[in-house]
Amino acid sequence: MDLDPRRLLVLNAIAQSGGLAPAARVLGHTRSAVSQQLASLEREVGLPLVDRSGPRLELTATGRLLAATGERIGRELTAAARQLDSGNHQVAQGPVAIGATSWVLARLAVRALRLLALSYPRIEPRFVETGLPDGLRQLRLGELDVLVIIDDRDTAAPLPPSVRAQVLSEDDYRVVVPAGWEPPAIPADLSGRPWISAPAHSARGRAFARFASAHGVVPSVEHQADHMIAVQTLLAGQLGAAVLPAFFAAQLEQVTVTALPITGSQITRTLYRTGHTGTAAAARAVADALQQAARDHAETATVTGRTKGDIVVRPLHDPTESPPPSAPRRAPGTPRNP
């Protein structure tokens, strides 16, 4: 029997985190990708590895045995990586190109640069404003070393080769309508009304498409606005309803935030290139600095009473790299937001 060790690592993540969705968050994957890896491993073994009959997913005896094997594999891989790091003595240094949206740049760039200047003076960071599709292409081509993207949890972009991810924050979606509208009782009430959507590739665009498809909502006219200032202006002008992250919806005036059901969530992730070179070490240091900058920003916003609408009010992890599959862990108090 040939077993894929990567699937054993995924199984261990499921065992340690307590389910498919928590394992996906720890690994930086989508829930469907984790589910597919589990199904493939069960086919390889020829036995069920999890018991789905109860209120929560539990591993079978065979599943626990293989998860323990995955844990041992993960420890060995971690030890090997540490030996390589200690042998190479790579120093975080050199130029690092960082791609990010204008929203992230406005809130985190200055803080992150100050942290890097204090702790890693040999790193030469350079920020580049970019969106999701262009940023991923530049990361794959090596034109960027670090990329901060806003994505949709249910349809998150897969990681390029030799790239790891840290989840900065996560936030649920809300359906928002102008204050002058009659509040909708059910999603179908918004069919035939104007909507303010977003580009199809964006997180909000995908969330809107999922909501419209699930409930048969067909807009009478579909405006498109990517930047939040434009969305806010169009909502104030009563030009349509919109799907927004809860953090932003909560700070808007002249709108009604509905309780209509909408699946999924919006996540902000830092992607960075890996390896055993000075540039890879610098990329990891930049990712850590962005994580710390996000936490500092959230704390400042809380003190000044600006928690609604600011980044990482409910962070997912400590300001460290997302734990490897061999040792998944959850930060204390892991609420969600971007």
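The values are calculated or read from the model by the stated rules, or taken from the named source; none is laboratory data. What you see is a predicted model; the values in this text were computed from it and never measured. Because the Cβ atoms are built from the backbone with ideal geometry, glycine has one as well, and the counts that use them run over all protein chains shown. These accessible areas exclude ligands, DNA and RNA; they are computed on the full protein's heavy atoms, side chains included. Shrake-Rupley method; radii C 1.70, N 1.55, O 1.52, S 1.80 Å.
Descriptive notes on the structure:
- Comparison of Val243, Val286, Val231 shows that the only residue that is among the β-branched types (Val, Ile, Thr), out of contact with any Gly (no Cβ under 8 Å at 6 or more places or on another chain), within 18 Å of Arg126 (Cα to Cα) and open to solvent by less than 10 Å² (accessible area, probe 1.4 Å) is Val286.
- All positions within segment 100-135 that are among the β-branched types (Val, Ile, Thr) and either in a loop (DSSP other than H, G, I, E, B) or more than 16 Å from Ala283 (Cβ to Cβ) (or both): Thr101, Val104, Val110, Thr130
- Subset tally (residues that are in contact with a helix residue (DSSP H, G or I) (Cβ under 6 Å, 6 or more places away or on another chain), within 26 Å of Pro161 (Cα to Cα) and open to solvent by 60 Å² or more (accessible area, probe 1.4 Å)) for segment 26-48: 2
- Of all residues in segment 49-83, those that are more than 19 Å from Val34 (Cα to Cα), exposed (fewer than 15 other Cβ atoms within 10 Å of the Cβ) and among the aliphatic types (A, V, I, L, M) total 4.
- Residue match in segment 169-180 (condition: over 28 Å from Gly237 (Cα atoms) and open to solvent by less than 50 Å² (accessible area, probe 1.4 Å)): yes
- Residue check, Val167 under 19 Å from Gln291 (Cβ atoms), touching a residue at least 60 places away in the same chain (Cβ under 8 Å) and either touching a helix residue (DSSP H, G or I) at 6+ places or on another chain (Cβ under 8 Å) or not charged (D, E, K, R) (or both): yes
- For segment 114-153, the set of residues classified as in contact with a strand residue (DSSP E or B) (Cβ under 9 Å, 6 or more places away or on another chain) and surrounded by fewer than 17 Cβ atoms within 10 Å (Cβ to Cβ) consists of Ala117, Arg122, Glu124, Arg126, Val128, Glu129, Asp134, Arg140, Gly142, Glu143, listed by residue number.
- Residue count for segment 184-215, restricted to those that are open to solvent by less than 50 Å² (accessible area, probe 1.4 Å) and in a loop (DSSP other than H, G, I, E, B): 7
- Top-ranked residue in segment 155-164 [being in contact with a helix residue (DSSP H, G or I) (Cβ under 7 Å, 6 or more places away or on another chain) and not in a strand (DSSP E or B); ranked as most open to solvent (accessible area, probe 1.4 Å)]: Thr155
- Matching residues, segment 248-283, being farther than 19 Å from Ala100 by Cα and assigned to a helix (DSSP H, G or I): Ala249, Gly278, Ala281
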